[in-house]
Amino acid sequence: MITVKNLCKSFGEHEVLIDINEHIAPGEKVVIIGPSGSGKSTFLRCMNLLEQPTKGQVIFDGTDITEKGVNINEIRQQMGMVFQHFNLFPHLTIMENLTLAPIELKLMGREQANEEALRLLNLVNLSEKADTYPGQLSGGQKQRIAIVRSLMLKPKMMLFDEPTSALDPEMVGEVLGVMKDLARDGMTMAVVTHEMGFAREVATRVLFMDEGRIREQGTPEQIFGNPQNERTQEFLSKVL
Amino acid sequence: MGFLGELKERLIFDFIEKQRYLYILKGLRVTAIVTLLALVLGLVIGVVVAVIRTAHDQTGEKGRQGAGGFVLSVLNFFCRVYLTVIRGTPAMVQLLLMFFVFLASSTNKVLVAVLTFGINSGAYVAEIFRSGIMSIDKGQMEAGRSLGLGYGKTMQKIILPQAVKNVLPALVNEMITLLKETSICGYIGLNDLTRGGDIIRGNTFDALPPLLAVAAIYLVIVMFFTWLMGRLERRLRESDNR
Ligand SMILES: Nc1ncnc2c1ncn2[C@@H]1O[C@H](COP(=O)(O)OP(=O)(O)O)[C@@H](O)[C@H]1O
Ligand SMILES: [Mg+2]
């Protein structure tokens with residue numbers, strides 16, 4: 001689905017990602033863990049080119065999207081992204097939040113988009129919120145809407161950057177629930193999270209990042225049960 | 001004759017006789033036309049300049065390679081020159097330059113005034129819009145882009161609507177400034193509100209009533225827009241909590 005080759009990213013002098021090589025196959029659920037500042041977000045954001053890599057290639061579905069002349073907007077439609085702070089559009093209703101992109105991109109007519117939006121809102125039990133504004137929703141509701149907003153474009157893959165970190169503890173579950181449903185339906189996912197329970201339950205693979213490198217990776221059993229790398233052990237002993 | 005009688009006679013002489021009040025009414029019309037058209041022109045220039053400036057600042061060096069990037073850099077350069085020159089020189093000088101130099105061939109003084117004040121106001125509106133755009137959380141642009149919307153579409157549908165809302169009070173303020181600034185139109189012989197009062201003063205050798213009347217009219221208009229701005233701000237605050 002997506003292959004990252006020799007990916008490097010610097011902000012000025014600061015090397016944030018150092019020669020990352022990684023492949024995510026269709027259907028995989030890859031959870032990325034690691035200390036704050038280790039480059040997890042930057043890695044994720046390089047995958048849909050929200051950050052321009054300094055060096056290296058990102059190959060999505062056979063296309064090297066770092067090449068000149070690639071229509072990045074078309075690629076991004078196929079790669080949903082969910083942010084820590086939701087980033088819903090506060091001046092639009094929930095319905096408009098969901099239908100804006102598919103209508104503007106001419107993927108659906110208004111009626112079809114509304115129908116699809118209602119169907120998805122039903123799946124996350126928020127259909128009665130269609131005509132309200134994001135400001136009236138709780139954090140958990142906002143994040144579920146944000147996920148659904150990405151799903152409107154029928155992406156092949158979803159990127160999650162700490163989707164539950166900004167939530168009150170009692171709302172974490174409802175968002176993880178939606179993500180688990182997605183995982184069960186076969187969505188390819190890359191998830192940066194500190195929810196180790198989620199990683200254990202859902203991940204097909206766990207990557208541990210530290211200082212711009214993927215230090216260690218493996219199944220949840222390997223990483224959580226028998227970590228080899230010293231830094232992984234140290235990190236897990238702090239968070240578990 | 002008592003004081004009131006004297007005053008009445010004076011006002012009749014200043015305003016009614018020879019229909020002198022028409023100087024004021026026609027002047028008010030000119031002031032309104034120049035202000036409104038200049039405002040529209042200023043808004044158009046302001047949005048365009050603000051978008052060019054922020055697009056240039058937001059796309060990093062790397063995103064600016066190629067022909068498109070070069071065009072953007074050139075446009076940005078001209079925008080900066082425009083902002084510096086307009087904001088660094090008096091509107092009065094700009095008006096005189098426009099009338100006697102750049103548009104010396106034009107006999108349409110209203111047009112000269114509209115262009116001058118529109119171009120002048122555009123520079124201030126641009127900075128208002130730019131700060132409005134910058135005040136929008138950068139997550140909004142990222143969310144739009146991550147959904148596959150282009151930079152322009154995201155600007156148009158997501159960033160600008162929120163930015164405009166944030167800067168509406170500042171825009172009303174700019175309009176008030178603009179209205180008062182047009183009072184220098186007389187220097188190119190355009191009979192605006194201020195000049196209307198001044199013509200009456202010249203004809204009657206009575207300064208107080210006509211000039212006071214002119215001041216009162218400006219004041220009433222400004223107070224109306226200040227009141228409108230207050231209401232607007234309250235409405236916007238309420239809609240923030242929705
Ligand atoms: N836009 C940016 N400009 C400069 N430095 C940045 C930028 N984004 C991230 N960084 C730096 O890159 C490093 C990695 O950041 P990030 O990828 O957000 O880490 P993580 O998500 O693992 O906490 C941090 O040191 C951060 O300060
Ligand atoms: Mg992060």
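The values are calculated or read from the model by the stated rules, or taken from the named source; none is laboratory data. Computed from a predicted model, the values in this text were never measured in an experiment. Backbone-built Cβ (ideal geometry, glycine too); neighbour counts: all protein chains shown. Heads up: the accessible areas ignore ligands, DNA and RNA and are worked out on the full protein's heavy atoms, side chains in. Shrake-Rupley method; radii C 1.70, N 1.55, O 1.52, S 1.80 Å.
Observations
- Alpha-carbon centroid distance for the pair segment A:214-236 / segment A:22-36, whole angstrom: 14
- Under a Gaussian network description of chain B, with springs only between Cα atoms under 10 Å, the residue in B:GLU174, B:GLU127, B:GLU142 that fluctuates furthest is B:GLU142.
- Share antiparallel - DSSP beta bridges, the protein assembly as shown, percent rounded to 5: 55
- If you sort A:ASP185, A:ASP64, B:ASP14 by accessible surface, 1.4 Å probe, largest first, the order is A:ASP185, A:ASP64, B:ASP14.
- Residue of B:LEU96, B:LEU219, B:LEU179 that the Gaussian network model of chain B assigns the largest fluctuation, springs spanning Cα pairs under 10 Å: B:LEU219
- Placing unit charges on the Cβ atoms of the charged side chains and taking the dipole of the protein assembly as shown about its Cα centre, the candidate lying farthest along the positive direction among B:ASN120, B:VAL172, B:THR59 is B:ASN120.
- Phi-based couplings in Hz for segment A:15-30 (Karplus 6.51, -1.76, 1.60; Gly and Pro marked x): 7, 9, 10, 10, 6, 8, 10, 7, 10, 10, 7, x, x, 5, 10, 9
- Computed over the alpha carbons of the protein assembly as shown, Rg followed by Dmax gives 30.4, 110 Å.
- Residue-count net charge about A:ASN6 - beta-carbon cut-off 15 Å; Lys, Arg +1, Asp, Glu -1: -1
- At full extension, B:VAL220 and B:VAL74 could sit 48.2 nm farther apart than now, given 0.36 nm per residue minus the alpha carbon distance.
- Sorting B:ILE136, B:ILE33 by solvent-accessible area of protein heavy atoms yields B:ILE33, B:ILE136, largest first, with a 1.4 Å probe.
- For chain A, built as a Gaussian network whose Cα springs stay under 10 Å, the top-fluctuating residue of A:SER38, A:SER150, A:SER127: A:SER127
- Segment A:128-170 versus segment B:174-242: alpha-carbon centroid distance in Å: 49
- DSSP loop trypsin sites (Lys or Arg not before Pro) with at most 11 other Cβ within 10 Å: longest gap in chain A: A:107-240
- Solvent-accessible area of B:THR59 with every protein chain in place, 1.4 Å probe, in Å² to the nearest 10: 40
- Shown is the FRET efficiency for A:LEU107 and A:SER127, computed with R0 = 25 Å from the Cβ-Cβ distance and rounded to the nearest 0.05: 0.70.
- Residue-averaged 222 nm ellipticity for the protein assembly as shown, from DSSP H runs of 4+ at -39500 (n - 2.57), nearest 500: -18000 deg cm²/dmol
- Backbone geometry of segment A:59-67 corresponds, through the Karplus equation with coefficients 6.51, -1.76 and 1.60 at θ = phi - 60°, to 3J(HN,Hα) couplings of 10, 10, 6, x, 10, 7, 7, 7, 5 Hz, x marking Gly and Pro.
- Among beta bridges from DSSP that stay inside chain A, the antiparallel ones total about 55%.
- Here A:LYS180 is the anchor, and the lysines within straight C-alpha reach of less than 28 Å, apart from those fewer than 8 places off in the same chain, are A:LYS29, A:LYS40, A:LYS129, A:LYS142, A:LYS154, A:LYS156, A:LYS238.
- Most to least accessible of A:GLU170, A:GLU216 (protein chains only, probe 1.4 Å): A:GLU170, A:GLU216
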